[in-house]
Amino acid sequence: MKKILVIFTGGTIGSSVHNGAINTDENTSFLLLAQFKQRYPNAEVTFTTLQPYQILSENISPKAWTTLISTIENATPENYDGIIVTHGTDTLAYTSAALAFYFHALNVPIFLVSSQLPLSNINANGLDNFSFAIEKMTTENLMGVFVPYRNPSEEFVTLHSATRLTCSPQLSSDFFSVENVNSVPKTVFNAVLKPQFSERILMIEPYPALNYDYFDLTNADAVLHDLYHSGTACATLEWGENRSLLAFIKRCQTQNVAIYLAPIFKSNDAYRSTLELVNSGATMLWNMTIEATYVKLSLAYGNFIDETKIVSFMQQNLAREHI
């Protein structure tokens, strides 16, 4: 008999619909277990359940990650064959990365399970995702943090590595991974990590006519600047210094605010703008998704003060995040 710890945190999978509004419902969480037992009455598993909070995942904060981590640690995870965390889809890629980095050395698999629709809807994929997680826990010797998810247009569930998952494309409830390969070697970080995530990381997304004058760096310890898919951002002064990432990098350096650029693949050839960014003095964080980079950087700044230690931590491949 396999022992599974199920931690309910809310999200659509833990919500119901009232008067056209979808919101978390304390009783709906346990509907998932009832549906599973109805589908698999002879399943040889026992569930222990915890419910540290019930929120829609768009309302998530790094403080919730700390609460979730503490909940798992206090439950003595080694006593279970696997852990399932139910979660909303909006910030699924971020929370899965947070658990993957913090629990990178844990010898018990963690699965984050979501649903694109409330479980009362016949088209919801939540039960399929949950059932797949149970199957993997009971039949395979997996270690790490994973996200099983069946895209609504597909027949089968895909198992994603937590640090390779990206947020759903716009106007979609599908999920995809970047180079979803689980065989990449990982390392075990020697220092003890605290479940603390900095909230002083400013993340900026590039778009045409982005005006850097709008950003106040007073309360930022670091800036994480997203890049276009080709590893580029505006590097020209043609439209003014306030439109140029190169000029903004200099401003960050003048104000002693560290600036990191991601995501970008390391390759032999690169665009001229990319080479200018590489030579600008900003720290390039290679070969990671922007979601994993943001979470890992937040964890780094929550644990370390020295920038050398932060960069060293970011360069380690803790949870197969390096692609």
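At a glance:
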quantity: Gain in span if fully extended, Asn141 to Val278, counting 0.36 nm per residue against the direct Cα distance; calculated: 45.2 nm
quantity: Cα centroid separation - segment 8-53 against segment 265-323, whole Å; calculated: 37 Å
quantity: Dipole magnitude (debye, nearest 20) for segment 2-164, charges at Cβ of Lys, Arg, Asp, Glu; calculated: 80 debye
quantity: Longest to shortest principal axis, alpha-carbon extents of segment 164-323, angstrom; calculated: 45, 35, 35
quantity: Charge dipole magnitude, Cβ of K and R +1, D and E -1 - segment 201-315, Cα centre, debye nearest 20; calculated: 220 debye
quantity: Ranked by how many other beta carbons lie within 10 Å on average, peptides 166-174, 105-113 from highest; calculated: 105-113, 166-174
quantity: Segment 2-164 - convex hull of the alpha-carbon atoms, volume per residue in Å³; calculated: 108 Å³
quantity: Only Lys, Arg (+1) and Asp, Glu (-1) charged, at Cβ; the chain dipole about Cα centre in debye; calculated: 500 debye
quantity: Neighbour-limited loop hits for GluC sites (Glu not before Pro), segment 133-235 (at most 13 other Cβ within 10 Å; DSSP other than H, G, I, E, B); calculated: Glu140, Glu154, Glu155, Glu179, Glu199
quantity: Highest to lowest packing among 291-298, 44-51, scored as the average C-beta count within 10 Å; calculated: 291-298, 44-51
quantity: Set of segment 98-124 residues, backbone N closer than 18 Å to the point 7 Å along the Cα-Cβ line of Phe156; calculated: none
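Values quoted throughout were computed directly from the atomic coordinates according to the rules given, and no laboratory measurement underlies them. This one's a predicted model, so the numbers in the text were calculated from it and none came from an experiment. Every residue, glycine as well, gets a Cβ built from its backbone with ideal geometry; the counts of neighbours run over all protein chains shown.
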